[in-house]
């Protein structure tokens, strides 16, 4: 069964355009890239899929030159299916196995513009990095991630619950039974995560242990790829860095905690895991205005593993017993669930990346006061209506907001979001330290982060 994905509408829009560039679908292994393309293939009169890793005979079609007519003719002959521009979707999977195939993509737009071509693969970033030239302006990249909480809800048949949630507002919150149900489902999502195979297993069985087995398999597949990096970096360092990133999630990454390695080597490992789509950096910005990246300081970075379920499995591998964390997620009060541990902040950050348009690789930013002994920190920053929007992951209405007031005062901001497990709501704060300036705070439940992007 296919579960609808955020990227589907973007792929469908691309397919319907009169003019279209070939798509390079990028993302970590097993986030659902191939499945999404196959679903799109249903819109076409014919669908042809070739896998350059599993079917290496297709590599010969891209040699000795990049003549598109010849390439298509030979692929058609090998698969014994006619490829017709305007009628066929051609999917080239695991394209990183053939650099010539990657290079050929840029010529499809020029020489066969009516043919719909999508390419995807594992560790694509490394393959692209090694190419002397790439089809800038002639190839369109899309970025794909694990399933969002909204996608998880729809996969579980909670369409009506999603509709009810999307109708709630700050002035008209959800009825308590619906709010409680969404909080419960979010707890489940934290454990199951958004890897499509794990979500499908949960829908079919509601068995956490079976989902964990799949998570272990996915993590093993990631580590099985590490030898492919061997020429670039020590694979043991990669494993240590990945586990350390899980343990340090949502905290400023401390290189020395990885082990007895040079900081430069750890940084290289972090960069490579980021390139592979496994880690997502959250970079400090002074945030005096937009774009946030113009004042980024890469010396202060946090790292999020791409999926909450995989994060917990990595912690299990590192710490031995994670049952107490699992129990905590399932049984803690909403206040404790947010305040203790990094899971709520991790979910919030991942959701903010996943709900944005897939046409760009979006960056995450945070703010911390860099002066000595300063404790002020804002969990996330978003561009919103030409202003910086601070996002704080908090539990309740009282306490723990000093960092936010300080940041808003310094940056002359009047709006912010508290992301929590509270129901929808809003309140104003009169800042006595800033001439009674009024700060407006919208309360966005963790289960409704998609609303931030619908309204932006």
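The values are calculated or read from the model by the stated rules, or taken from the named source; none is laboratory data. Note that the coordinates shown come from a computational prediction; the quantities given were computed from them, not determined experimentally. So basically every Cβ, Gly included, is an ideal-geometry build from the backbone, and we count neighbours across all protein chains shown.
For residue 241, indicate whether it is within 22 Å of the chain's Cα centre (by Cα) and more than 16 Å from residue 227 (Cα to Cα).
The answer is no for residue 241.
For the subset of region 204-216 comprising residues that are assigned to a helix (DSSP H, G or I) and without any contact (Cβ under 8 Å) to a residue 60 or more places away in the chain, which member is surrounded by the most Cβ atoms within 10 Å (Cβ to Cβ)?
Among those that are assigned to a helix (DSSP H, G or I) and without any contact (Cβ under 8 Å) to a residue 60 or more places away in the chain, it is 214.
Just the residues that are crowded, with 17+ Cβ neighbours inside 10 Å and either free of Cβ contacts under 8 Å to residues at least 40 places away in the same chain or in a helix (DSSP H, G or I) (or both), please, taken from region 11-27.
11, 14
Restricted to region 263-298, and to residues that are under 28 Å from residue 124 (Cβ atoms) and part of a loop (DSSP other than H, G, I, E, B), which residue is farthest from the chain's Cα centre (by Cα)?
Residue satisfying both the conditions and the ranking: 291.
Across region 250-262, what is the number of residues that are closer than 28 Å to residue 127 by Cα and in contact (Cβ under 8 Å) with a residue 40 or more places away in the chain?
1
Out of the residues in region 46-71 that are buried (at least 16 other Cβ atoms within 10 Å of the Cβ) and not in a helix (DSSP H, G or I), which is farthest from the chain's Cα centre (by Cα)?
Applying the filter and picking the extreme gives 66.
For a quick check of your reading: which strands (runs of 3 or more DSSP E) sit entirely within region 72-190 and have at least 3 residues that are under 21 Å from the mean Cα position of the chain (by Cα) and at pLDDT 95 or above?
The strands (runs of 3 or more DSSP E) meeting that bar are 116-120.
Quick one: residue 61 ticks every box in (1) out of contact with any strand residue (DSSP E or B) (no Cβ under 8 Å at 6 or more places or on another chain); (2) within 30 Å of residue 223 (Cβ to Cβ) bar one, so which box is it?
Failing condition for residue 61: (2).
Give the residue, chosen from 43, 30, that is in contact with a helix residue (DSSP H, G or I) (Cβ under 8 Å, 6 or more places away or on another chain), assigned to a loop (DSSP other than H, G, I, E, B) and under 21 Å from residue 72 (Cα atoms).
From the options 43, 30, the qualifying one is 43.
Within region 307-319, can one find any residue that is within 20 Å of residue 420 (Cβ to Cβ), out of contact with any helix residue (DSSP H, G or I) (no Cβ under 7 Å at 6 or more places or on another chain), buried (at least 19 other Cβ atoms within 10 Å of the Cβ) and at pLDDT 95 or above?
No - not one qualifying residue is present in region 307-319.
Anything in region 28-52 that is in contact (Cβ under 8 Å) with a residue 60 or more places away in the chain and under 23 Å from residue 195 (Cα atoms)? List them, or say none.
28, 29, 30, 31, 32, 33, 34, 35, 36, 37, 40
Given region 340-456, what strands (runs of 3 or more DSSP E) lie entirely inside it while holding 2 or more residues that are touching a helix residue (DSSP H, G or I) at 6+ places or on another chain (Cβ under 8 Å) and closer than 19 Å to residue 284 by Cα?
Answer list for region 340-456: 364-368, 377-384, 387-393, 415-420.
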